[in-house]
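The values are calculated or read from the model by the stated rules, or taken from the named source; none is laboratory data. Quick caveat, the model's predicted, so the values are computed rather than measured. When we count neighbours, we look across all protein chains shown, and the Cβ atoms used for this are built from the backbone with ideal geometry, even at glycine.
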Amino acid sequence: MATSAGSHLQTICSEWAKVRGTWTDGKVVSVTGGDLTIADVVAVALHGIPARLTADKAVRDRIAASVDFLASELAAGKVIYGVNTGFGGSADSRTQQFHRLQSALVQHLNVGILLPSDKGQPTPSPPPEAADINLLLRSHALPPAIVRATMLIRSNSLARGHSAVRIEVVESLLHLLAANMTPVVPLRGSISASGDLSPLSYVAGLLEGNPGVFVRCPDEDVAMDGSTDSLRYLSADKALQAASLPPVCLQAKEGLGITNGTAPSAAAASLAVHMANQMAVWTQLLTAMGTEALAGTAANYDAFISRARPHHGQTEAAETIRRFLDGSKLCPGHSAPAHVGLAQDRYALRTAPQWIGPQLEDLALATHQVTTELNATTDNPLIDVEGGVVHHGGNFQAMAVTSAMEKTLTALQNLGRLLYAQSSELVDNSRNRGLPPSLSVDDPSTSFLCKGFDVNMAAYQAELAYLARPVSGHVQVAEMANQAVNSMALVAARYALEAGEVVGLMVATYLFVLCQALDLRCLQRAFRAAAAEDLKEPVGRLFIPSHSESYVIVDKMIDKTLDRWDELSHMDLQNRSAAAVRDTTGTFLAEFASAQAGSALPSIDMLLRYQDDAAQSLARTYTKIREHFFSEPAPASSYLSPASRVVYEYIRKDLKISLHRGIDDHPTLVAKKQAVPGLNGQFNGHRNGNVNGIVDGVKSEDDFRGDRTRIIGTLASEIYVTVRDGRLFDRVVAFCEKTKLWEA
């Protein structure tokens, strides 16, 4: 059963294509109040795309109409919350000083704690008896990307014409956004009940030109190329001057219209669910790659299994993983794994669709909830011009966003748990079907390549599980008991963003582990094929087959020797070779004696010579195949599915992260070998001492291994950056679009 036209994969690929198209085509996001998407938010927040209020007369007229209607209601003497009354539990007061009231609102909300460094100010040197807090504390400011998204989403809500905020105020906000001028907004302090009041008050402070509010601005004097990497911090009054904008004198309800909304929560939630959806795609692709690396079977993902339990998320996950495996030479499609031991794959592979499926369903609902919030009016009171009514309600209660984020948190935790389980299985030689311990290609007695990554994955998963706890259960009564229930949506979204970051670390780590394992799996395949031929000579000297059945026995016993070889992956090469031959010699003799009853068995001297020759043959063959794999930039490419190859070759070729040789690739040892004349020739035996030469048309190692001083943490870090900045995901999406992976 193929995934449907509205599948999770297709939706995420379409969203990514829209983001990519917006930033590459120089488009402008149009603010209409009704059709803002998560892709628009991502384009503006992360890629600096400008936004403009639509020129559509109907939209502009309804904004103006809400302002006019409010004025008429006030002129008629109506009591309207937050316009001629106090706020929250203080709403029993009355005033006719409309402008002063709006400033009072902003003032009492500008209460967040920020560090001097958050505002671009130097931190005074502490006295000797005081600690330097800058050595300990991280920023207390909301990330600029979330602030940019907040400005966009709040503008879109105001454009709906229910808030009585003037067109020129909305346009000023969008002008500042286009100029990449974002207020420094406190990270903490919002309970997301009457909206995200305090964070949005800093946006209002920017529009007012409040000299106590600070603004990140591009430093034109430093960034002459027009980039926004170099920043300066200006007070809001000076920022408005730099933007050639007059300060806004907040009219009736405009302070409330700006601050009383869920935009910061929706902003963080948009970025969080965008990231989480990518992590869900990554988990499915990495499960396919893990199936190849673990010599698993594509039969795990057969459509019949999901038809028998027709949850649509499970069905899609199974189909997507199976399609990612199409064309693989490492996975049998409709049979049990072709190896001894367990008759079926362990749960981390076999039940992956059942595990991932519910996460896809939850993320789809979370995405829908967040998208709805982007195009909602979330302040109070609401101006209903057509109905001629001012409604006092609670659209600022952001529980819909909290609901979306808690589903997102749970989904991320479960996706991470699956990646952790697969990675752990792959690194453990007791479970990885013949690969060496810690995926070290050299002798395991002195090489522990992926052991540290295995520990890291456990740490990431533990932190992820902690982050995934629901926030909504920790609500506190606030604001004179007026806010007896509050959503904590911004906190939930912040934790979801952090959880997405942790899963990103897990994806990057697992990608390093997978690429190493895939090379070793293909090396294992190539070695078995070559060793089976090479062993025929020492076996032939021990036994001269007299009939066809004898040849079958020889082939069978060579297979058993190689199976034993796989079981002994924890041993160093020479010992492993000797033990594999020695451990199967007795079985070999019994099989041969049974097949050729009455024939003389080999002498002890012949057996000892056979064991020595066969062991040397195994060691020699493995060394030869291993050296060949070292000399290739991407030695596993021809074995992998096209989908896996896209990721594998990006890491191996674009990032120049090659098959790791274990302790021999430790930078200090590399430096020593490079410093000693002639030692490089010993280190790179396949090059016969010619370090800078070309072997079989392959350029020198430095051309495909890159910087040889990189520690393994640096290699994983480089993968992580490409996962988070979208370069690697862009390759995955391009492949899915080209192959229409979601179609039958």
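Can you list the helices (runs of 4 or more DSSP H) found entirely within region 643-744 that contain at least 3 residues being at pLDDT 95 or above?
Because the criterion is at least 3 residues that are at pLDDT 95 or above, the helices (runs of 4 or more DSSP H) in region 643-744 that meet it are 712-724, 727-739.
May I ask you to verify whether Gln422 is under 18 Å from the mean Cα position of the chain (by Cα) and either hydrophobic (A, V, I, L, M, F, W, C) or crowded, with 19+ Cβ neighbours inside 10 Å (or both)?
Criteria met by Gln422.
Condition first: more than 18 Å from Lys407 (Cα to Cα), among the small types (Gly, Ala, Ser), assigned to a helix (DSSP H, G or I) and touching a helix residue (DSSP H, G or I) at 6+ places or on another chain (Cβ under 7 Å). Now tell me which residues in region 240-280 satisfy that.
Gly255, Gly257, Ala263
Of all the residues that make up region 298-315, how many are out of contact with any Lys or Arg (no Cβ under 8 Å at 6 or more places or on another chain), of a type in the set (A, V, I, L, M, F, W, C) and crowded, with 22+ Cβ neighbours inside 10 Å?
0
Among (1) surrounded by 19 or more Cβ atoms within 10 Å (Cβ to Cβ); (2) polar (S, T, N, Q); (3) in contact with a helix residue (DSSP H, G or I) (Cβ under 8 Å, 6 or more places away or on another chain), there is one condition Asn395 misses while meeting the rest; what is its number?
(3)
Select from region 157-198 the residues that are touching a Leu at 6+ places or on another chain (Cβ under 7 Å), closer than 15 Å to Gln251 by Cβ and in a loop (DSSP other than H, G, I, E, B) and list them in ascending order.
Within region 157-198, Ala164, Val165 qualify.
Each row is one residue, and each column tells you yes or no for (1) out of contact with any Phe, Trp or Tyr (no Cβ under 9 Å at 6 or more places or on another chain); (2) surrounded by fewer than 23 Cβ atoms within 10 Å (Cβ to Cβ); (3) at pLDDT below 95.
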position	(1), (2), (3)
Val485	yes, yes, yes
Leu490	yes, no, yes
Ala496	yes, no, no
Gly500	yes, no, no
Phe512	no, no, no
Ala517	yes, no, no
Ala526	no, yes, no
Lys536	yes, yes, yes
Gly540	yes, yes, yes
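Can you spot a residue in region 32-53 that is of a type in the set (Ser, Thr, Tyr) and touching a Gly at 6+ places or on another chain (Cβ under 9 Å)?
no
May I ask you to list the residues in region 702-744 that are farther than 26 Å from Ala276 by Cα and among the acidic types (Asp, Glu)?
Asp702, Asp703, Asp707
Looking only at region 18-38, filter to residues that are surrounded by fewer than 16 Cβ atoms within 10 Å (Cβ to Cβ) and of a type in the set (Gly, Ala, Ser); which one of those is modelled with the highest pLDDT?
Gly34
Would you mind listing the helices (runs of 4 or more DSSP H) fully within region 29-120 where at least 2 residues are within 27 Å of Val273 (Cα to Cα) and either touching a Lys or Arg at 6+ places or on another chain (Cβ under 7 Å) or free of Cβ contacts under 8 Å to residues at least 60 places away in the same chain (or both)?
Hits in region 29-120: 38-47.
Among the candidates Val147, Val111, single out the residue that is modelled with pLDDT of 90 or more, loosely packed, with under 12 Cβ neighbours inside 10 Å, closer than 21 Å to Leu490 by Cα and assigned by TED's automatic domain parsing to the domain that holds Leu231.
Val111
Could you check, for region 15-32, whether at least one of its residues is basic (Lys, Arg) and under 30 Å from Ala318 (Cβ atoms)?
Residues of region 15-32 basic (Lys, Arg): 18, 20, 27.
Subset that is under 30 Å from Ala318 (Cβ atoms): 18, 20.
Yes.
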